[in-house]
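Scroll down for the structure; my scribbles are underneath it.
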Amino acid sequence: MSLTDRELIEFAANAIGATAHEPSFKGDIRKFTAAGFSGWFSPLDFKEQALTLATKLRLDVEFWDGFKQVVCRRSQDKENFEMHGIVGYGQGTDPHPTGENVARAILIAAANIGMRMQE
């Protein structure tokens, strides 16, 4: 299932126990409150928020396939590929990983965790 950025953000926020404020959308950015965090939440726009997700959820970030993919996952999900955030790169002009690739992989992994928490 392919999720929109807004859905990824909502599930990722759920993974860290954030509470949404209604109505509070500003594009794909939404206001949330969580322990140690309050305000607009968009890990794709604010890379420090992606780092916050990675540290709160204890996510590992790795580079696979000769640096063609950035992969983010929790250690306990190592063998469960459904829980990985995987983003490919290198097809365009920049053959190296970017902050956007890393932030998106973190967001996808966090969203997968948040979705599992709602099941």
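The values are calculated or read from the model by the stated rules, or taken from the named source; none is laboratory data. Predicted model only: the values in this text are computed from it and were never measured. Positions of Cβ are generated from backbone atoms using ideal geometry, with glycine treated the same way; all protein chains shown enter the neighbour counts.
I want to confirm something. Restricting to the range 3-28 and keeping residues that are small (Gly, Ala, Ser) and surrounded by fewer than 14 Cβ atoms within 10 Å (Cβ to Cβ), which single residue is modelled with the highest pLDDT? Per the stated criteria, the residue is Gly27. Within the range 34-56, being at pLDDT 65 or above, farther than 16 Å from Ile113 by Cα and surrounded by fewer than 17 Cβ atoms within 10 Å (Cβ to Cβ) holds for Ser38, Gly39, Trp40, Asp45, Phe46, Lys47, Glu48.
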